[in-house]
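Heads up, the thing below is written out as structure tokens.
The values are calculated or read from the model by the stated rules, or taken from the named source; none is laboratory data. Please read all numbers here as calculations on a predicted model, not as lab measurements. As a convention, Cβ positions derive from the backbone with ideal geometry for all residues, glycine included, and neighbour counts pool all protein chains shown.
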Amino acid sequence: MKTGNINVQTENIFPIIKKFLYSDHEIFLRELVSNAVDASQKLKFFASNGEFTGEMGDLQVEVILDEAAKTLTIKDNGIGMTAEEIDKYINQIAFSGAEEFVQKYEGKEGAENIIGHFGLGFYSAFMVADKVQIKTLARYEGAQAVQWESNGDPSYTITEIDKADRGTEIVLHISEESKEFLEKNRIQGILDKYCKFLPIPVIFGTETKYKDDPSGEKDENDKVKQVSYEVPNQVNNPVPAWTKKPADLTDEDYGTFYRELYPMSFDQPLFHIHLNVDYPFNLTGILYFPKIKENVEVQRNKINLYSNQVFITDSVEEIVPEFLTLLHGVIDSPDIPLNVSRSYLQSDGNVKKISTHITKKVADKLREMFNKDREDFESKYEDLRIFIEYGTLSDEKFADKAKAFSMVKSTDDKYYTIEEFKEKVKDLQTDKDGKTVFLYTNNKDEQYSFVQAAKDRGYEVLELDGPLVSHWVSNIESKFENVSFARVDADTLDKLIAKGDEMPSKLSKEDEEALKPVFEGVVDKDKFKVQFESMSETDAPVVLTQPEFIRRMMEQQKYGGAGFMG
Ligand code: ADP
Ligand code: MG
């Protein structure tokens, strides 16, 4: 037997690690399972480069709960450790074996699939256990199995043990205050959350299945009786869709993966984008475009962030621009620093590049869809519109690209790009200043007589509504030369009409003078204009119009900054 002290170089940080390493104690399981996965991946790597020539067997990680003994064990058949390796990798806190491995084998295929980075993960075990044992047999021929044991005080012991099978078992003696981690459902829940797509099979207990009774005996309903049998309960899908090549996946596969990600969701996404970058940073993933709901907040922040298939978080606000948080799916990048503060993330160079890349991909995909199948794109446009408007308003680069596929819909349900519509209406609808006026309504019923009057004059009227419209039209005006928007009930309409073309008032001067104060008494004089000249025969004798800029200002105040504009 050898005894010694865990080597903490600067000060005794052990109690701090125990309590505060991660604010979420459940993380210990993610750390230990991902160490076990690393140990398996390393074995695969050594087998592929000839450093390991033994029998590899089926690599898997097993999580074993023993309620009676109050232990939780994480078992793998990976590389294992010798006593010397334990000394090096375990007894020296913050000396990361994973980091060392990746550096040593950098550039070799397979070496980058290692999860660990910080050399602290193992010690998170002490957040939930008051005693931890490592029983391990290294991969070398004739290796001696050893057991390391510590109750985190911080002394440890190492003893030689008998252990026939290669690999490591981490035995956690769960402390009284952490006994929630002795509940099967709790553990299953944590595994579902963090381990669902780990690259090595993770087994937790068994799962009951049913099959026909082999004797063929029938029940009272004349159906063959069912007998139950147990199979290993595999927690994860080791080869999730995002790790495959897009060419190897069908639309159905993408649909199936969406349901794997969101088993509770009944919606089908509109389309997807498969991300795959390896230079200058690593990024894979699949983003789905949901049908945007009325209440956007319910579908926000559904993107799951992974690092080498380990779940990290589902709050990606700091990693992607706000308008992209409406998307669903998975981003996997080992290049996103994980255990750092959120505010640091925003300033990180890699994170910025990743964010820019995703924005570009999304815009490119939309343009590709627009170019490839215009009809299909138009059929989806109502669902895409808020997203495109939002992106246009919040991201300059996206806005630039969106110029090509941003569309407006006419009141007779036809879609036009901005340029197309300008071309279509410019003869009749260009004002004295040379601006082509895009007339629109945001409520066909309420503004019915205005729409009618405009149409009677041969004008085209667009249908635009939603919380972002007034911001969006201002933005489009700034991006397209000589384009201006006006709601049909704005006073702009008369500016389009050549002098002398107005219809005369239908009222006498006396009636006008009597009525004017009556109307002005009930509406805000500064915001509305009482008008007796009409534009067509069918117009009402009195019309209230509102200067476009006043209405827009009011609307923008109402919606400005309300979460949408950040
Ligand atoms: P990191 O994973 O960041 O390197 P950890 O504290 O999680 O840090 O683990 C420290 C080191 O201990 C690992 O790098 C590895 O060398 C070793 N180790 C931990 N768990 C295992 C295991 N199950 N099998 C083999 N080695 C392990
Ligand atoms: Mg680790």
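Before moving on, here are some points about what is shown:
- Qualifying residue in region 56-72 (condition: surrounded by 18 or more Cβ atoms within 10 Å (Cβ to Cβ), near ligand 1 (Cβ under 7 Å from one of its atoms) and at pLDDT 95 or above): no
Residues checked against (1) assigned to a helix (DSSP H, G or I); (2) surrounded by fewer than 17 Cβ atoms within 10 Å (Cβ to Cβ); (3) at pLDDT 95 or above:
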site: PRO214; (1), (2), (3): no, yes, no
site: GLU220; (1), (2), (3): no, yes, no
site: VAL239; (1), (2), (3): no, yes, yes
site: ASP267; (1), (2), (3): no, yes, no
site: LEU305; (1), (2), (3): no, no, no
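- Considering region 78-92, the residues that are at pLDDT below 95 and of a type outside the set (Val, Ile, Thr) include one that is nearest to ligand 2 (Cβ to nearest atom), namely TYR89.
- The residues of region 226-262 that are β-branched (Val, Ile, Thr) and touching a Cys at 6+ places or on another chain (Cβ under 7 Å) amount to a single one, VAL235.
- Residues satisfying the criterion are present in region 124-138 (criterion: within 13 Å of ligand 1 (Cβ to nearest atom) and assigned to a loop (DSSP other than H, G, I, E, B)).
- Test for VAL128: is it closer than 23 Å to TYR306 by Cβ and either modelled with pLDDT under 95 or within 15 Å of ligand 2 (Cβ to nearest atom) (or both): no
- Residues (surrounded by 18 or more Cβ atoms within 10 Å (Cβ to Cβ) and either within 16 Å of ligand 2 (Cβ to nearest atom) or at pLDDT 85 or above (or both)) located in region 9-26: ILE17, LEU21, GLU26
- Test: residue in region 162-171 that is modelled with pLDDT of 95 or more, within 16 Å of ligand 2 (Cβ to nearest atom), of a type in the set (S, T, N, Q) and surrounded by 21 or more Cβ atoms within 10 Å (Cβ to Cβ): yes
- Filter result (surrounded by fewer than 16 Cβ atoms within 10 Å (Cβ to Cβ) and closer than 12 Å to ASP412 by Cα) within region 441-456: LYS444
- Meeting the requirement of 1 or more residues that are within 30 Å of ILE331 (Cα to Cα), the strands (runs of 3 or more DSSP E) wholly within region 355-472 are 407-410.
- Qualifying residue in region 187-196 (condition: at pLDDT 95 or above, within 23 Å of LEU29 (Cβ to Cβ) and in a strand (DSSP E or B)): no
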